[in-house]
1. Among the residues of the range 144-155 satisfying the criterion of being surrounded by 13 or more Cβ atoms within 10 Å (Cβ to Cβ) and of a type in the set (A, V, I, L, M), which is modelled with the highest pLDDT?
2. Could you tell me which residue of the range 82-110 is nearest to residue 49 (Cα to Cα), considering only residues that are of a type outside the set (A, V, I, L, M) and in a loop (DSSP other than H, G, I, E, B)?
3. Identify the residue in the range 121-143 that is small (Gly, Ala, Ser) and either surrounded by 14 or more Cβ atoms within 10 Å (Cβ to Cβ) or under 19 Å from residue 58 (Cα atoms) (or both) and, among all such residues, is modelled with the lowest pLDDT.
4. Out of the residues in the range 56-75 meeting the condition of being polar (S, T, N, Q) and assigned to a helix (DSSP H, G or I), tell me which one is surrounded by the fewest Cβ atoms within 10 Å (Cβ to Cβ).
5. What are the residues in the range 18-55 that are under 20 Å from residue 114 (Cα atoms), of a type in the set (S, T, N, Q) and surrounded by 17 or more Cβ atoms within 10 Å (Cβ to Cβ), if any?
Amino acid sequence: MDFVRIQEDRFNLQSLIDELLAGDADSGAVVSFLGVTRDRNQGDAVSDLWLEHYPGMTERAIADMVTQARARFSIHRVAVVHRVGHFLPKDEIVAVVVSSAHRGEAFQACEFLMDYLKIHAPFWKKEQTPEGARWVDARVTDDQAAAKWGISPQA
């Protein structure tokens with residue numbers, strides 16, 4: 001009962017959790033991550049952000065990430081919802097929800113999926129700063145976080 005969604009519309013984290021757990025009597029743990037846009041990056045103010053993707057390719061890439069998480073961790077269900085379009089600071093942009101029998105596996109799988117998403121999901125971010133618009137590259141810290149899982153940086 002995994003699901004991956006790319007959408008422009010806002011989402012409700014509790015509704016995603018409820019949907020993920022529907023009919024699941026075996027999970028004793030649910031771990032979620034909610035990512036929001038920042039108002040600062042690289043020391044500069046950020047007034048807004050545009051996020052683009054390749055429809056179809058993005059969903060397949062994220063579904064592959066979920067498959068890899070399943071191979072590493074004993075988890076029950078996974079939901080990944082990522083928004084695209086125009087965002088203001090503090091808008092929700094991504095949710096990852098993982099259920100499992102016990103919390104340890106759910107925490108690890110959730111962190112793994114976010115670390116993988118940050119460097120391998122085909123999204124492109126453009127920030128508006130006082131100095132003008134700029135495309136955002138993956139940060140060194142994103143590559144370092146992924147490396148602890150044996151995930152190589154995006155070429």
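The values are calculated or read from the model by the stated rules, or taken from the named source; none is laboratory data. What you see is a predicted model, and the numbers here were worked out from it, not measured in a lab. Cβ coordinates were reconstructed from backbone atoms using ideal geometry, including for glycine residues, and neighbour counts include every protein chain displayed.
1. Pass one, the range 144-155, residues surrounded by 13 or more Cβ atoms within 10 Å (Cβ to Cβ): 145-147, 149, 151, 153-154.
Next, only the ones that are of a type in the set (A, V, I, L, M) stay: 145-147, 151.
On the way: 145: 63, 146: 65, 147: 68, 151: 72.
Restricting to residues being surrounded by 13 or more Cβ atoms within 10 Å (Cβ to Cβ) and of a type in the set (A, V, I, L, M), the top hit is 151.
2. If we filter the range 82-110 for residues that are of a type outside the set (A, V, I, L, M), which is where we start, we get 82-83, 85-87, 89-92, 99-100, 102-105, 107-108, 110.
This time we only want the ones that are in a loop (DSSP other than H, G, I, E, B), so: 89-91, 102.
Working: 89: 8, 90: 11, 91: 10, 102: 36 Å.
Ranking the qualifying residues of the range 82-110, first place goes to 89.
3. Step one: filter the range 121-143 for residues small (Gly, Ala, Ser), giving 121, 132-133, 138.
Those still in the list that are either surrounded by 14 or more Cβ atoms within 10 Å (Cβ to Cβ) or under 19 Å from residue 58 (Cα atoms) (or both) too: 121, 138.
Details: 121: 86, 138: 69.
Ranking the candidates gives 138 first.
4. Going through the range 56-75, the residues polar (S, T, N, Q) turn out to be 58, 67-68, 74.
Within this subset, residues satisfying the condition of being assigned to a helix (DSSP H, G or I) are 58, 67-68.
Numbers: 58: 18, 67: 11, 68: 17.
If we take residues in the range 56-75 being polar (S, T, N, Q) and assigned to a helix (DSSP H, G or I), then 67 is surrounded by the fewest Cβ atoms within 10 Å (Cβ to Cβ).
5. Residues satisfying the conditions are 32, 37.
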